[in-house]
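A short worksheet on the structure shown next.
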Amino acid sequence: MSASYVTFLLLLLILCGHARGRFISDTQAASQDLISDGVHHHLSHIPRSYLTLNPYSVDAESTCDQTYGFLPCTTTVLGNLFLILVYGYLMFLAATYLSNGSEMLLEILGPGIIGGLFLPILGALPDAMLILVSGLSGTTETAQSQVSVGMGLLAGSTVMLLTVIWGSCIIVGKCDIENSVAIDNKDTKGLSLTGSGVSTDIWTSYAARIMAISVIPFLIVQLPQLLNSTSGRHLAVLISLIFSVVLLVSYCLYQVFQPWIQRRKIAYAKHKHVISGLLHHLTNQGRLLTEDGEPDEEIIKKLFKTIDQDSDGYLSFSELKALIVGIRFDEIELDKNDAVDKVMKDFDTSHDSKISVDEFVVGVSKWLNEAKRAGNANSDPGHRKMKFLSDFHSRTKEEHALLGASVQSDEVVEGAEKPKWTSLKAGLMLLVGTLIAAAFADPLVDAVDNFSDATSIPTFFISFIALPLATNSSESVSAIIFASRKKIRTASLTFSELYGAVTMNNILCLSVFLALVYIRGLSWDFSAEVLVILIVCVVMGILGSFRTNYPLWTCSIAFLLYPFSLALVYVLDYVLGWS
């Protein structure tokens with residue numbers, strides 16, 4: 001017999017020595033359905049200090065209702081904490097399935113309807129489900145008490161994405177900043193607050209501006225409180241609901257057409273790059289401006305003759321193409337035929353598919369004037385023509401880079417193997433994720449509410465801190481991993497997705513919340529929570545709207561906003577009594 005077995009037996013005997021017998025019940029009514037042990041009635045008059053099993057004597061206030069009639073529930077602190085962890089993990093699983101299925105579907109079908117409309121809605125689905133069930137539970141009074149779970153989740157998701165996750169992406173994605181641009185995969189300056197950081201393209205700034213605009217429905221629904229009016233609150237909820245739905249539809253349409261908009265802007269940036277390169281090349285061949293700063297027509301006509309290889313007095317498509325190919329635009333990926341078409345369109349005002357000498361002079365003069373405006377030419381450009389042309393060329397390259405036109409995707413998108421099987425797999429993952437989110441949103445809300453009752457901690461703070469970890473953890477981890485690749489391209493995609501997720505919170509999830517409040521006649525009493533969302537979205541929206549370069553010190557702003565948000569809600573609600 002092993003020593004561990006002997007130890008176990010001794011411990012068992014010791015514990016048995018402290019055991020106590022206990023009666024099934026104290027009441028005759030409760031024991032009628034039980035088999036008598038022969039001593040129950042005889043000893044019923046003896047007082048006992050030890051525990052008796054009597055489920056009928058439990059106080060009604062400490063009972064809980066099983067969700068769907070079979071899922072477990074409890075009234076204890078540790079029990080509800082365990083249920084929050086279990087149901088939270090299931091919601092995390094649902095978010096993971098939805099995220100992975102969305103990526104697989106996007107890889108096969110590409111952007112547009114799928115990427116712009118369907119997938120953003122799926123990404124916000126777990127949050128929307130939790131908000132929905134928080135306002136559908138039981139009576140109006142029950143819904144009013146549980147709806148704070150939905151508001152806590154809405155505020156917590158927004159704040160977490162724009163503070164903790166945003167700042168973490170700056171830290172893990174930082175590269176050395178040189179000439180106000182982060183250099184891809186170069187991280188030698190350590191934790192330099194100004195010398196290292198992250199750069200993004202201009203589309204990320206647009207996403208930040210859209211996110212800042214998406215807070216308008218919060219302002220509308222809050223107007224009656226600001227005006228100390230009680231009669232217009234229900235109407236304000238309806239107007240805010242309509243406005244948020246309009247914003248949701250507009251945002252989805254923008255996402256659908258965004259790839260087309262990007263292609264148009266990138267094409268225009270490339271055309272300006274061609275103009276800049278041609279002017280720079282022609283300037284090297286001769287002085288294009290007079291001492292007065294006006295286009296020198298004689299020099300421009302001489303340059304025309306050098307390009308006109310067959311000396312027929314016209315520049316043909318092939319002659320223009322030879323000029324552009326000879327310049328070698330190595331900085332950009334250029335479609336030579338498309339570039340020639342655009343130059344021909346600029347110059348050929350007679351629409352005869354060839355450029356005369358007069359059309360060439362007019363076209364070059366127009367380009368020079370545009371370069372002077374963009375290059376900030378001073379009152380004496382004749383002596384400094386190279387300066388304003390250099391400025392124009394630099395600005396064109398910068399605009400081209402900000403659009404992300406010169407950077408190819410880091411993900412090698414190839415034809416998916418077995419697309420039918422991949423589509424089926426993606427569809428199943430989306431279906432499973434949706435079903436899990438729908439099934440376990442209600443028990444998670446109940447567990448949070450019961451945990452709040454057991455601990456006397458307001459449900460808002462539990463849902464503000466805990467629930468976003470479940471519904472946004474997959475998206476957050478994915479964003480941090482993607483940012484760690486330390487490239488402008490991946491940083492742009494990462495922050496655009498964060499801004500997009502917050503935008504969907506502010507319009508889709510808020511639409512669900514407002515619909516619940518309006519239909520069920522609930523009271524809107526979330527001034528402090530709305531103020532927190534407004535402050536965080538506006539501060540981070542402004543920060544992201546007007547810059548594409550984020551030194552390391554900017555992450556401190558994001559990190560400080562998180563504890564500030566918690567402290568602000570506590571002071572306003574529980575010290576000043578706003579709620």
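The values are calculated or read from the model by the stated rules, or taken from the named source; none is laboratory data. Just so it is clear, the structure is predicted and the values come from calculations on it, not from any experiment. Positions of Cβ are backbone-derived with ideal geometry, glycine not excepted, and every protein chain shown enters the neighbour counts. These accessible areas exclude ligands, DNA and RNA; they are computed on the full protein's heavy atoms, side chains included. Shrake-Rupley method; radii C 1.70, N 1.55, O 1.52, S 1.80 Å.
Remark on S196: its backbone amide H falls under 5 Å from those of I177, L552, a criterion applied only to residues 5 or more positions apart or on other chains, H modelled at 1.01 Å from N. Ranking F218, L248, N228 by how far each Cα lies toward the positive end of the dipole of the stretch 199-318 (charges on Cβ) leaves N228 at the top. Placing dummy labels 7 Å off each Cα toward the beta-carbon, the span from D358 to W578 is 7.0 nm. Between I457 and S556, full extension at 0.36 nm per residue minus the direct alpha carbon distance yields a gain of 32.8 nm.
Using a 1.4 angstrom probe on the protein heavy atoms only, line up E475, E319 by accessible area, largest first.
Heavy-atom accessible area, descending, gives E475, E319.
With a sphere of radius 12 Å drawn around the Cβ of L153, what net charge do the other residues whose Cβ falls strictly inside it have (Lys, Arg +1; Asp, Glu -1)?
It works out to a net charge of -2.
Site pair R373 and F546 shows an inter-label distance of 2.5 nm when each label is modelled 7 Å from Cα along Cα→Cβ.
With the simple spin-label model, which puts each label point 7 Å out from Cα in the Cβ direction, the I239 to K186 separation comes to 5.4 nm. Counting only heavy atoms of the protein chains and using a 1.4 Å probe, E359 has close to 20 Å² of accessible surface. Accessible surface area normalised per residue over the stretch 185-264 is 53 Å², counting heavy atoms of protein chains with a 1.4 Å rolling probe.
In the context of the full set of protein chains, residues of the stretch 430-579 present 36 Å² of accessible surface per residue (probe radius 1.4 Å, heavy atoms only).
Phi angles of the stretch 549-563 translate, via the Karplus equation with coefficients 6.51, -1.76, 1.60 and θ = phi - 60°, into HN-Hα couplings of 10, 10, x, 4, 5, 5, 5, 5, 4, 5, 4, 5, 5, 5, x Hz per residue; Gly and Pro are given as x.
Counted residue by residue at 0.36 nm each, then reduced by the alpha carbon distance between them, the extension gain from I519 to I121 reaches 141.1 nm. Note on V571/F257: beta-carbon distance plugged into 1/(1 + (r/R0)^6) with R0 of 56 Å gives a FRET efficiency of 0.80.
Remark: the E294-T142 segment gains 47.0 nm on full extension, using 0.36 nm per residue and subtracting the alpha carbon distance.
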